[in-house]
1. Being touching a helix residue (DSSP H, G or I) at 6+ places or on another chain (Cβ under 8 Å) and part of a loop (DSSP other than H, G, I, E, B) is the filter here, so list the residues in the stretch 22-41 that pass it.
2. Counting just the residues of the stretch 15-30 that are farther than 16 Å from residue 115 by Cα and under 13 Å from the mean Cα position of the chain (by Cα), which one comes out surrounded by the most Cβ atoms within 10 Å (Cβ to Cβ)?
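Just so it is clear, none of the values below were taken in a lab; they were calculated from the coordinates. Keep in mind it's a predicted model, so treat the numbers as computed, not measured. Note that each Cβ is placed from the backbone with ideal geometry, even for glycine, and that neighbours are counted across all protein chains shown.
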Amino acid sequence: MTDSSRLVACVGAIVHDREGRLLLIKRGQEPGKGRWSFPGGRVEQGETDHQAVRREVAEETGLRVRPVELLARVRRPAPNGDVFDIAEYRCELDGPSALTAATDAEEARWVTANDYAALPMVEGLTELLAEWRLLPRADPSPDCSRSRPRGATPD
């Protein structure tokens, strides 16, 4: 971080379902456009981290979550020279809701270990998940983990 850089408060949500699948979104904007990551984003003025986590997950995936534990603060370079200061929260699902990609997420899905291994991830994601022992579990059943991409029509 340089003297002219500013810290931009952000949050990320690490969410697993009952089968141990991990919630990921395909980023629709930089940084990391086209790569997979946790749902999350900037903390808006006047918002707490917990409010931002709930809002960002709902906006990007349509799901309701409850932050349970702050896992770490991670710093990543922002495209304009600033630094994203990301509070990464382990979250639990909070009531029934349907998974649907929205806002800047091109796609949202629950992934198993096999799915995860085949997807291009944002830099540093796998190392963090491994350190926290939160990588997704192995496949529980054949291909029930995918959601429709944003704008897709039902079969």
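1. Listed by number, the residues that qualify are 38, 39.
2. So in the stretch 15-30, the residues farther than 16 Å from residue 115 by Cα come out as 18, 27-30.
Imposing the further condition that a residue be under 13 Å from the mean Cα position of the chain (by Cα) reduces the set to 27-28.
Details: 27: 19, 28: 17.
Taking the candidates together, the pick is 27.
Every residue, every condition in (1) without any contact (Cβ under 8 Å) to a residue 40 or more places away in the chain; (2) under 21 Å from residue 18 (Cβ atoms), yes or no:
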site: 30; (1), (2): no, no
site: 40; (1), (2): no, no
site: 47; (1), (2): yes, no
site: 56; (1), (2): no, no
site: 64; (1), (2): yes, yes
site: 67; (1), (2): no, yes
site: 74; (1), (2): no, no
site: 88; (1), (2): no, no
